[in-house]
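The values are calculated or read from the model by the stated rules, or taken from the named source; none is laboratory data. Just so you know, these numbers come straight off a predicted model, no measurement behind them. Backbone-built Cβ (ideal geometry, glycine too); neighbour counts: all protein chains shown.
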Amino acid sequence: MPYAITNILTLNATIMNDVVNLTKLRFITVMTICILYLNFASPFYMYICVSARFRQQFIYVFYKMH
């Protein structure tokens, strides 16, 4: 939802003409994308931190198989 709002704001011509507002909008866009990626990546990092078996399999797949 926040990413959709920032995309709608980019269509506004008055915001796109001002450099300061454009910089703020780009910063907000980057932050919403980071939050979106964190939402999907956090289970992986939790498994890496908590599960010893998952860590072993991760190391096996990425270091010993390839």
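Observations on the model:
- Qualifying residue in the stretch 2-9 (condition: in a helix (DSSP H, G or I), exposed (fewer than 12 other Cβ atoms within 10 Å of the Cβ), over 23 Å from the mean Cα position of the chain (by Cα) and of a type in the set (Val, Ile, Thr)): no
- Pairs where the first residue, in the stretch 25-39, is within 12 Å of residue 4 (Cα to Cα) and modelled with pLDDT under 90 and the second is of a type in the set (Ser, Thr, Tyr) and not in a helix (DSSP H, G or I), C-beta under 7 Å, 6+ apart: none
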